[in-house]
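What follows draws every value from the coordinates through simple rules; no lab data is involved. In this text the structure is predicted, and so the values were computed from the model without any measurement. Please note: Cβ atoms are built from the backbone with ideal geometry, for glycine as well, and neighbour counts cover all protein chains shown.
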Amino acid sequence: MSPLFLIAAGLAALAAGWVLLRQLGPRGRIGRILAATPVVPVEEAVRLAESGAQRYVAVGGRIDSDAEFFDENDRPLVLRRSRLALRTGRRSAWTVVADVRDVVPFSVAGGLSAISVDEMALDVGLVVVARESEGMAGEIADRVPEGTPPATPARLRVELLSTVDHALALGVPSTDPVRGPILRAGLGRPLILTTMEPADAMRVLAEGHRGTTRAAAALLAAGVAGVGAGLAWALIGGLR
């Protein structure tokens, strides 16, 4: 065995791990961005917005809004997204048949500074603890497409964002003529917002793909170890 073999094997493991991560699709990409994006104070994000510098950063702070609305449980919300999905076969995927979004302008505040969030751009990048309920289409006949068999499995998924939440928002700081400093999607990356710790958010994003994520993590770790060991071996050999 030679150092070149270890390095080559390590690179192959890294490539295989990367391919597995790519198979997770958009949610896997969100997780990778969460793990790699630097967190800056809100004041720094505002400075970047005002300077015109194009950087993709993360900022943490409390959710703030002058236009929050209250739900049936008197929670002060800035966003509520309800998605109704049906499954037409035992092995078929869930198909969304209704997607209702209520949202108002809001910002992320930290210290004496705040930066708005382009709330209309939040889609797959919204990572919060969702509330789910399952049943049969016949139980909500007025909410499913006409002709849906009553025994069709139905699932309602509700995502909420409240002014009592603290959040981590990721995007490119820019300026809006009306709202001032604002975080938007940019530099080829989506706008992301989570009310969870990054590690917890990544576990939620990997839901349903635990085997893939474990295999990818093992391959990436082995790849790093192999490349590192090969380089160290070559360096030590070169010093002799």
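Between MET196, MET136, MET120, where does the largest GNM mean-square fluctuation fall for the chain, given springs only between Cα atoms within less than 10 Å? Judging by the Gaussian network model, the answer is MET136.
With R₀ set to 22 Å, the beta-carbon distance separating ALA36 from ALA232 gives a calculated FRET efficiency near 0.30. As an equivalent ellipsoid, region 37-207 spans semi-axes of 35, 17, 14 angstrom, where each value is the square root of five times an eigenvalue of the C-alpha gyration tensor, largest first. Here region 37-207 is treated with +1 on each Lys and Arg Cβ and -1 on each Asp and Glu Cβ, and its dipole about the Cα centre works out to around 660 debye. Within the listed set PRO177, PRO38, PRO190, the residue fluctuating most in the Gaussian network model of the chain (springs between alpha-carbon atoms under 10 angstrom) is PRO177.
Between VAL128, VAL59, VAL178, the residue with the greatest mean-square fluctuation in the GNM of the chain (Cα pairs under 10 Å linked by springs) is VAL178. Based on the Stokes-Einstein relation at 37 °C and a viscosity of 0.692 mPa s, and on the Kirkwood radius from alpha carbon pairs, region 1-131 is assigned a translational diffusion coefficient of 175 µm²/s.
For VAL127, the residues whose amide H sits under 5 Å from its own are LEU193, THR194, THR195, ignoring neighbours fewer than 5 places away on the same chain, with H placed 1.01 Å from N. Which one of LEU14, VAL117, TRP94 is farthest out on the positive end of the charge dipole of the chain, using unit charges on Cβ (Lys, Arg +1; Asp, Glu -1) and the Cα centre as origin? About the Cα centre, the residue reaching furthest to the positive side is LEU14. If you take the charge dipole of region 37-207 about its Cα centre, with +1 on Lys and Arg Cβ and -1 on Asp and Glu Cβ, which of LEU187, VAL104, HIS166 is farthest toward its positive end? Checked the options; the winner is LEU187. Prolate is the label for region 76-172, because a/c, from the alpha-carbon gyration tensor with a ≥ b ≥ c as root eigenvalues, is 1.5 or above and a/b exceeds b/c. Using the Cβ-Cβ distance between ASP66 and ARG155 with R0 set to 41 Å, the FRET efficiency works out to roughly 0.75.
Return the calculated 222 nm mean residue ellipticity for the chain, to the nearest 500 deg cm²/dmol, obtained by summing -39500 (n - 2.57) across DSSP H runs with n ≥ 4 and dividing by the residue count.
About -11000 deg cm²/dmol.
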